[in-house]
Amino acid sequence: MQHSTMRGTPLHGPTRAARGRRRLAVVVAAWLAFAALLLGATGAQAQETDNSGVAGKTFVIGTDTTFAPFEFRDSSGELTGIDMDLIRAIAESQGFEVEIRSLGFNAALQALSSNQVDGVIAGMSITDERRQIYDFSEPYFESGVQMAVDQDDTTITGYQDLAGKTVVAKTGSEGEAYAKSIADQYGFTVNSLDQSATMYEAVKSGNAVAVFDDYPVLAYGVAQNNGLKTVTEKVPGGSYGFAVNKGQNPELLAAFNTGLAQLKASGEYQRILDKYLAAPQSAAPSTFLDLLTSSFPALMKGLGNTLLVTGISFAVAMVLGLVFGFFRVSTSKILRGIATVFVAVFRGTPLLVWAFFFYFGIPQLTGQPISIWVAGVLTLALNSGAYITEIVRGGIQSVDPGQLEAARSLGLGYGKSMQRVVVPQAFKIMTPSLINQLIIMLKDSSLLLAIGFAELLYQGQQIYAGNFRITETLFIVAVIYFVAIMALTWLANTADRRFNK
Ligand code: GLN
């Protein structure tokens, strides 16, 4: 990293500094514009939660990442499946719009509880526990839990062979509840994962011996050559329903029921089921290049979101860091105290806790949904703001106190001395650490996938959740991150050299 310490060297003139700042501004603006370009026309849509009638309204519907054949992405990255066709057909017949959010099963339920989405359709089983907190539509599909193992496994033929072994199930699912209910009896351990794709991968890689999942989903995966085979009979029960939060959106629920009845009467319902269940086609083998070209648009959209959320969050974090950094070196005990607490809290707690808190927690407390962008920016900015506070404090404190004394003795006031003499030097000292912080933030932004923020790794997950090509997809994602970070480092270093020469 190119950097020259300027301690004790003469100050540069204001025109040069101003030019440097302009250049920096241009670099930042170019970066944000690039991010916006990548995002293209895919701007966030307004969300509406009006409760009076459904016609003309837009409802936000949460769903699972992948639960084929109910929801999954086709080769062009579009969400399809029985649930998607059903909800879209019902929306059309009842005159409302839907905005689908592919969040993952557990996250979709959390989002529903905190009113971040208006409804959930995700092959969601109607259970007594869930009835306590959600209202369900009429059931639209009979399901049931089943167990599958690796297709070459001959040792596990039923629950009795599971003693001492580990099985996987999806977090918050009926399959997980069932596996846990018999785990003690058969002496096995249940490991919970968030996605179907990772569950199947865990079994194929030998990290678990079996997976508990719904039978139509296992059957579909087996037909798609996912490398598994089922070994038990399905457990009866588990009808799927469309869910809304208890007491919320009753008109949406009513419209779903009306629409469903109409689809059943017209034969359209059966046609949708047949389309996905009658003869599941096995996945055509495709090359790495096919994967690369088909996944590239979605990944670029993800990269755009990653860069944009990082850019905005870093700007906010800089403001926080400067304010609290000056508090840290202030002569006021109170200001120092405030800054110390700020740093302690946000440096002393994991980023992910805050992401969940802002996105799922705050709306539950206030009853007001919060935009995923606001939650994401708050999470990243507050965390980085704490680190930047310390960078700023360290920068200011490492400027030779003689510099301040000299400036004061020349007749400059404290404020002017800081602004003209100390801060410019401190800034040069801080720059490499700030660049580091920016890069850390760009990588940390991938954690936002846990709340369903459509950043780069999230897009990668969506892709391998559908095609089960985890290793290759992650490789592509890693290369994109690497290139983006190299480009960013180069940009930042260039700006540093110009600005801090
Ligand atoms: N039917 C199961 C449940 O409701 C699993 C749903 C899913 O994984 N999308 O718990």
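The values are calculated or read from the model by the stated rules, or taken from the named source; none is laboratory data. Keep in mind that what you see is a predicted model, and the values were worked out from it rather than measured. Ideal geometry is used to build each Cβ from the backbone, glycine not excepted, and the neighbour counts take in all protein chains shown. Areas reflect the complete protein model, heavy atoms only, side chains present, ligands, DNA and RNA absent. Shrake-Rupley method; radii C 1.70, N 1.55, O 1.52, S 1.80 Å.
Quick notes
- Condition check for residue 217: buried (at least 21 other Cβ atoms within 10 Å of the Cβ), part of a helix (DSSP H, G or I) and within 16 Å of the ligand (Cβ to nearest atom): yes
- Comparison of 89, 68, 163 shows that the only residue that is more than 16 Å from the ligand (Cβ to nearest atom) and under 21 Å from residue 278 (Cα atoms) is 89.
- For residue 155: the one exception among (1) more than 26 Å from residue 263 (Cα to Cα); (2) modelled with pLDDT of 95 or more; (3) within 16 Å of the ligand (Cβ to nearest atom): (3)
- Failed condition for residue 225, given (1) polar (S, T, N, Q); (2) under 17 Å from residue 170 (Cβ atoms); (3) at pLDDT below 95: (2)
- Search result, residues across the range 229-253 that are open to solvent by less than 40 Å² (accessible area, probe 1.4 Å) and in a helix (DSSP H, G or I): 251, 252, 253
- Checking each residue in the range 445-483 for being among the small types (Gly, Ala, Ser) and farther than 21 Å from residue 355 by Cβ picks out 466, 478.
- Flag if residue 466 is in a helix (DSSP H, G or I) and open to solvent by less than 10 Å² (accessible area, probe 1.4 Å): no
- Members of the range 400-427 found to be of a type in the set (S, T, N, Q), open to solvent by 40 Å² or more (accessible area, probe 1.4 Å) and within 22 Å of residue 319 (Cβ to Cβ), listed by number: 419
Residue by residue, here is whether (1) outside the structural domain of residue 79 (by TED's automatic domain parsing); (2) in contact (Cβ under 8 Å) with a residue 40 or more places away in the chain; (3) under 30 Å from residue 395 (Cβ atoms); (4) open to solvent by less than 60 Å² (accessible area, probe 1.4 Å) holds:
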| residue | (1), (2), (3), (4) |
| --- | --- |
| 255 | no, yes, no, yes |
| 299 | yes, yes, no, yes |
| 309 | yes, yes, yes, yes |
| 325 | yes, yes, yes, yes |
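- Of 186, 200, all but one fail to be open to solvent by 10 Å² or more (accessible area, probe 1.4 Å) and aromatic (Phe, Trp, Tyr); the exception is 186.
- Top-ranked residue in the range 108-129 [being more than 11 Å from the ligand (Cβ to nearest atom) and closer than 25 Å to residue 215 by Cβ; ranked as most open to solvent (accessible area, probe 1.4 Å)]: 128
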